């Protein structure tokens, strides 16, 4: 039986097939993480930061690895700041393979996206009794407030701080639905149906223009 090829295998498995889609391109990164455009971008400047090793969620990384992740996420903010809005970072943290929170990829990844509204406030407003919100003591490492083995979301920004939501009944792409609704793009939330190619191309161009200028 052939092994199942997962969405991000090409980033850490040399034997995995190399994708030909234009959104599967490294924009930045280091030996531990890769930055690529987010498939389903609802706005330009939307990227995901993916560990180069298989891991279910970012809570499972070591403290040192999460610090490296945060260092990389800060380093790409000048690229994302070319687009209007405040840069928010978020993760749907799935606890097991096949969970709806994994959004069909079963690999940890951190979204980073400039938004012209407060994603933390909008998420709190849209949530229900299935969400238990935590204000983490360590805003630089909110994952340290997540108990082992639970489904969660982390949202943070340099301006609005960080929050954690422990999720009792996970829902696929929940934060994408919140963002799509705020942007009046309610039908475009599903990355499988709406890839957002114009926004992806604008993101790629922003990174490549900066590189070519040097």
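The values are calculated or read from the model by the stated rules, or taken from the named source; none is laboratory data. Only a predicted model underlies this, so the values are computations on that prediction, with no experimental measurement involved. Methodologically, a virtual Cβ is constructed for each residue, glycine included, from the backbone with ideal geometry; neighbour enumeration extends over all protein chains shown.
What do you reckon, is residue 61 touching a helix residue (DSSP H, G or I) at 6+ places or on another chain (Cβ under 8 Å), on the phi < 0 side of the Ramachandran plot and modelled with pLDDT under 95? Walk me through it before giving the result.
Working: touching a helix residue (DSSP H, G or I) at 6+ places or on another chain (Cβ under 8 Å): yes; on the phi < 0 side of the Ramachandran plot: yes; modelled with pLDDT under 95: no.
Judged against the criteria, residue 61 is not a match.
What number of residues in segment 130-173 are in contact with a strand residue (DSSP E or B) (Cβ under 7 Å, 6 or more places away or on another chain) and not in a loop (DSSP other than H, G, I, E, B)?
Residues that pass the stated criteria total 19.
Residue-by-condition table, conditions (1) touching a strand residue (DSSP E or B) at 6+ places or on another chain (Cβ under 6 Å); (2) farther than 27 Å from residue 28 by Cβ:
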residue: 104; (1), (2): no, no
residue: 114; (1), (2): yes, no
residue: 128; (1), (2): no, yes
residue: 175; (1), (2): yes, no
residue: 185; (1), (2): no, no
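Just one of the numbered conditions (1) farther than 23 Å from residue 75 by Cβ; (2) part of a loop (DSSP other than H, G, I, E, B) is not true of residue 125; which one?
Single failed check for residue 125: (2).
Taking the conditions exactly as written (surrounded by fewer than 21 Cβ atoms within 10 Å (Cβ to Cβ), at pLDDT 95 or above and under 16 Å from residue 59 (Cα atoms)), does residue 99 satisfy them or not?
Details: surrounded by fewer than 21 Cβ atoms within 10 Å (Cβ to Cβ): yes; at pLDDT 95 or above: no; under 16 Å from residue 59 (Cα atoms): yes.
So residue 99 fails the test.
Could you please let me know if residue 21 is surrounded by 15 or more Cβ atoms within 10 Å (Cβ to Cβ) and out of contact with any helix residue (DSSP H, G or I) (no Cβ under 7 Å at 6 or more places or on another chain)? Lay out the reasoning, then the answer.
Working: surrounded by 15 or more Cβ atoms within 10 Å (Cβ to Cβ): no; out of contact with any helix residue (DSSP H, G or I) (no Cβ under 7 Å at 6 or more places or on another chain): yes.
No: the conditions fail for residue 21.
Do you know which residues across segment 130-164 are closer than 16 Å to residue 175 by Cα and free of Cβ contacts under 8 Å to residues at least 24 places away in the same chain? Steps first, answer last, please.
In the first step, residues of segment 130-164 are kept if they are closer than 16 Å to residue 175 by Cα; the result is 130-133, 151-157, 162-164.
Hits for segment 130-164: nothing passes.
In the set 199, 190, which member is touching a residue at least 12 places away in the same chain (Cβ under 8 Å), over 15 Å from the mean Cα position of the chain (by Cα) and either part of a helix (DSSP H, G or I) or surrounded by fewer than 19 Cβ atoms within 10 Å (Cβ to Cβ) (or both)? Break it down into steps so the answer makes sense when it comes.
Working: 190 fails: over 15 Å from the mean Cα position of the chain (by Cα).
Going through 199, 190 in turn, just one is touching a residue at least 12 places away in the same chain (Cβ under 8 Å), over 15 Å from the mean Cα position of the chain (by Cα) and either part of a helix (DSSP H, G or I) or surrounded by fewer than 19 Cβ atoms within 10 Å (Cβ to Cβ) (or both): 199.
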